[in-house]
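Colleague: Just passing along the structure, written as structure tokens.
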Amino acid sequence: MLVVFIGAPGSGKGTQAERLAAETQLPHLSTGEILREAAETGADLGRRAMEYINHGRLAPDDLVISIIAHRIRQPDCARGCILDGFPRTIEQARSLDQCLAQEGRSLQAVLELQVAEDEIVRRLLRRAQISEKPRSDDTPEVIPQRIAIYRQQTMPVLEYYRERGLLCEIDGNGTPDEVYARVRKALESRRLVSSDAG
């Protein structure tokens, strides 16, 4: 199974991706974690990634694509994987399709967690309050910028996948259990998980 979770900051995509990965025993590939791991290996791509990470900048598309492509070709991804935070741009989405096609594979579903902006702001501010190490971008000043960037970059990606019949819109409101039930229902409808599991 090859699926992608897409959602605004605070939508809960990481939580839901982790849960699905645990149930299916497939790797949960978070873009941020993959970049950090690549940086720690000391490989050329990793060193380049670390240069961006150390300066607090987003790595460029071509670098992210190269690192993700390398990761999904690893043996533990032979049965599939759960992608979280990638692709974020149309270029990344197209490159992912090309990468998978070279392996004779393709995405099976793209799960968009939909949460209203006021709820996203509330979640992020709460996360900043309860976290031992709050993120520097979970602030009232920065959160609207993060949401705006997400809308600008991701709306074309959503349309890209909608046109291919891959997009599943999931109501991201409610408890994690309630949201996960919706995630499973969407995957069941595509016969990617069985209704008697979980």
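Every read-out reported here was derived from the displayed coordinates using simple, explicitly stated rules and does not represent laboratory data. This structure is a prediction, so every number in the text was calculated from the model and none was measured. Heads up, the Cβs are rebuilt from the backbone with ideal geometry, glycines too, and the neighbour counts pull from every protein chain shown.
Colleague: Normalised by the empirical 2.2 N^0.38 Å for globular proteins, what value does the Cα Rg of the chain take?
Modeller: Against the empirical 2.2 N^0.38 Å value, I get 1.01 for the chain.
Colleague: Could I ask something else about it? Using modelled amide H (1.01 Å from N, peptide plane; none on Pro or chain starts), what sits under 5 Å from the amide H of residue 193, excluding residues fewer than 5 places away?
Modeller: Here 188 satisfy the definition.
Colleague: Sorted from fewest to most neighbouring beta carbons within 10 Å, what does the list 175, 139 look like?
Modeller: Numbers: 175 9, 139 15.
Ordered by Cβ neighbours within 10 Å, fewest first: 175, 139.
Colleague: If you don't mind, there's one more thing I want to ask. Highest GNM mean-square fluctuation, the chain, Cα pairs closer than 10 Å: which of 88, 126, 151?
Modeller: In the Gaussian network model the winner is 126.
Colleague: Using the Cα atoms of the stretch 95-198, I'd like the radius of gyration and the largest Cα-Cα distance, Dmax, both in angstrom.
Modeller: Considering the stretch 95-198 through its Cα atoms, Rg and Dmax are 16.7, 46 Å.
Colleague: Counting alpha carbon pairs within less than 8 Å and at least 6 residues apart, what relative contact order, in whole percent, applies to the stretch 1-143?
Modeller: Details: 179 pairs, mean separation 52.7, N = 143.
Relative contact order of the stretch 1-143: 37 percent.
Colleague: Does the stretch 93-143 come out rounded, prolate or oblate by the C-alpha gyration tensor, with a ≥ b ≥ c the root eigenvalues, rounded set by a/c under 1.5 and, if not, prolate when a/b is larger than b/c and oblate if not?
Modeller: prolate
Colleague: What are the residues whose amide H is under 5 Å from the amide H of residue 110, where those residues sit 5 or more places off or on another chain and H is modelled from the backbone?
Modeller: For residue 110, the qualifying residues are 4, 167, 168.
Colleague: Same structure, new question: Only counting other Cβ atoms within 10 Å, I'd like 168, 81, 99 sorted with the fewest neighbours first.
Modeller: Fewest to most other Cβ atoms nearby, the residues stand as 99, 168, 81.
Colleague: Report the calculated FRET efficiency for residue 79 and residue 125 (r = Cβ-Cβ distance, R0 = 45 Å), to the nearest 0.05. Don't skip to the answer; put the middle values down first.
Modeller: On the way: r = 38 Å, r/R0 = 0.85.
Once rounded, the FRET efficiency stands at 0.70.
Colleague: Something else now. Each residue of the stretch 91-106 in order: what ³J(HN,Hα) in whole Hz does its phi give by Karplus 6.51 cos²θ - 1.76 cosθ + 1.60, θ = phi - 60°, with x for Gly and Pro?
Modeller: Those phi angles translate into 4, 5, 5, 5, 5, 4, 4, 5, 4, 5, 4, 4, 9, x, 10, 7 Hz.
Colleague: Dipole magnitude of the chain about its Cα centre, charges +1 at Lys/Arg Cβ and -1 at Asp/Glu Cβ only, in debye to the nearest 20?
Modeller: Using Cβ point charges on Lys, Arg, Asp and Glu, the chain gives about 120 debye.
Colleague: Provide the FRET efficiency to the nearest 0.05 for the residue 106-residue 47 pair, computing r from the beta carbons and using R0 = 22 Å.
Modeller: Once the sixth-power term is evaluated, E becomes 0.10.
Colleague: Using a 7 Å offset from the Cα along the Cα-to-Cβ direction at both residue 118 and residue 1, what is the distance between the two label points in nm, to one decimal?
Modeller: Those two pseudo-labels are separated by 3.5 nm.
Colleague: Then there is this: Can you tell me the mean projection area, over all orientations, of the convex hull of the stretch 138-197's alpha carbons? Units nm², please.
Modeller: So the Cα hull casts an average projection of 5.5 nm².
Colleague: Taking only the alpha carbons of the stretch 1-116, what extent do you get along each of the three principal axes, in Å, biggest first?
Modeller: 37, 33, 26
Colleague: Show me, for the stretch 176-186, the HN-Hα J-couplings you get by feeding each phi into the Karplus relation (A = 6.51, B = -1.76, C = 1.60, θ = phi - 60°), rounded to Hz, glycine and proline as x.
Modeller: x, 5, 5, 5, 5, 4, 5, 4, 5, 4, 5
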